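What follows is a single structure, and I will ask about it in a moment.
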Amino acid sequence: MNKSASLTLALTLCALLLSGCGLHMRPSLGLSGINYEHPEKYTVGGAAFTDKVEQVEIHWLSGSVTVTGHKGNEIRFSERANRNLTNDLSLHYWLDGSTLRIQFCRSGKWNLNGLEKDLTLQLPERLLQSLTVDTVSARVNLEDLAMEDLELDSVSGAVRLRDCQVSDRARVDTTSGSVKAELTAALREWKADTVSGSVELTVPAVGDFDVNTTSGSVSLTAEKAPKDLDVDTVSGSVTLCLPADADFTLDFDTVSGSFSSALACKTENSRRIFGNGSGDYSIDTTSGSVRIEKN
């Protein structure tokens, strides 16, 4: 399949997924344009300003999205494209109070086939209330950011987080895009859903770890074991790297998947008890293997 046909397929899939969802500011993507609410409030092109921003929403199609923190007070963003941009095809933004909204282009019907753009956004190193990124095939790279809530949605774009903090909740949904996150502080809840994309999280501590996938592998490395863990996979492997003194009870249900553990445990029926067994863990697989390693 050539590049144009691949993009057409991705756009068609995304239009089917997003049509009728009714969520505020989530754009409806199609072969000939993007539509979103209140287009008259948006300004064309990149910008730099020092206004207070507590929430960021990014809706992007293809190329890449890079969001980084820096030590200054200025918020600045720009884009680069694989072809010359008209005002209609340039990014559009709206500073709605303390919420910054960035869209791939002007709302309307345009020829988007083959258009790829790289968005770069730099934010001051202060705590955001929330960051939301919706993409189709764009790669997402987040670095040196601190936020309370994070929501990432992608069809095929890979997601990378490096040296980030998410204090409350992170939710990541992809179809085939892989997810790799390196967080530097404890997280209350991590939830990820993929079809074939792998999910890899490294974090000091996470209270609730929840991943659903079909064939993507799942990996968690934590200095402190989660209180609750729920992993569902068909053929994807599951690797948990946990401290030697981890306390949890694992209910492992599989058809043909193997199990191994570097941590001592005792077995009661289908349950495996580690330490005092206080944590509640469930892993369901069809043929995926499960391996528990010592951190």
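Laboratory data are not the source of any read-out in this text; all were calculated from the coordinates shown. Since we're looking at a predicted model, the values are computed, not measured. Methodologically, a virtual Cβ is constructed for each residue, glycine included, from the backbone with ideal geometry; neighbour enumeration extends over all protein chains shown.
What order, most packed first, do the peptides 207-218, 115-126 have when packing is the mean number of other Cβ atoms within 10 Å of each residue?
Numbers: 207-218: 20.8, 115-126: 18.0.
Output ranking for 207-218, 115-126: 207-218, 115-126.
Please turn the phi angles of segment 248-253 into ³J(HN,Hα) values with the Karplus equation 6.51 cos²θ - 1.76 cosθ + 1.60 (θ = phi - 60°), one per residue in order, whole Hz, x for glycine and proline.
So the J values, rounded to whole Hz, are 6, 10, 9, 9, 10, 10.
So if I take the centroid of the Cα atoms in segment 244-295 and the same for segment 67-144, what is the distance between those two points in Å?
42
Per residue of segment 166-183, what does 6.51 cos²θ - 1.76 cosθ + 1.60 with θ = phi - 60° give for ³J(HN,Hα)? Whole Hz please, x for Gly and Pro, Karplus curve as stated.
Using θ = phi - 60°, the values come out as 10, 6, 10, 9, 10, 10, 10, 10, 9, 8, 10, x, 7, 10, 9, 10, 10, 9 Hz.
Cβ neighbours within 10 Å, averaged per peptide: list 52-62, 176-186, 73-83 in order, most packed at the top. Mind dumping the intermediate values first?
On the way: 52-62: 20.7, 176-186: 18.8, 73-83: 14.7.
Sorting 52-62, 176-186, 73-83 by mean packing, highest first, produces 52-62, 176-186, 73-83.
Using label points projected 7 Å from each Cα along Cα→Cβ, tell me how many nm separate residue 295 and residue 202, to one decimal.
Those two pseudo-labels are separated by 1.3 nm.
Using the alpha carbon gyration tensor of the chain, what are the three equivalent-ellipsoid semi-axes (square root of 5 times each eigenvalue), largest first, in whole Å? Write down the numbers at each step before the final one.
Numbers: eigenvalues 295, 98, 38 Å².
That gives 38, 22, 14 Å for the three semi-axes.
Check cross-link reach from residue 71 to the lysines: straight Cα distance under 24 Å, and skip same-chain residues fewer than eight apart.
Straight-line reach from residue 71, under 24 Å: 52.
Could you tell me how many degrees, from 0 to 90 and to the nearest 10, lie between the Cα long axis of helix 3-18 and the main elongation axis, the longest principal axis, of the Cα atoms of the chain?
80
Something else: Using only helices, what value at 222 nm comes out for the chain when you add -39,500 (n - 2.57) per DSSP H run of length 4 or more and divide by the total residues, to the nearest 500 deg cm²/dmol? Could the numbers behind the result be given before it?
Values: 1 runs with 16 residues, N = 295.
Using -39500 (n - 2.57) per qualifying helix, the result is -2000 deg cm²/dmol.
Here is a follow-up. Could you rank the peptides 277-289, 260-272 by their average count of other C-beta atoms within 10 Å per residue, with the highest value first? Before the final figure, lay out each step's value.
Working: 277-289: 18.6, 260-272: 12.6.
Top of the packing list down: 277-289, 260-272.
Would you mind working out the magnitude of the charge dipole of the chain relative to its Cα centre, with +1 at each Lys and Arg C-beta and -1 at each Asp and Glu C-beta, to the nearest 20 Debye?
860
If you take every DSSP beta bridge whose two residues both sit in the chain, what share of them, in percent to the nearest 5, is antiparallel? Present the calculation step by step, with values, prior to reporting the outcome.
Details: 28 of 123 bridges.
Antiparallel bridges: around 25 percent, rounded to the nearest 5.
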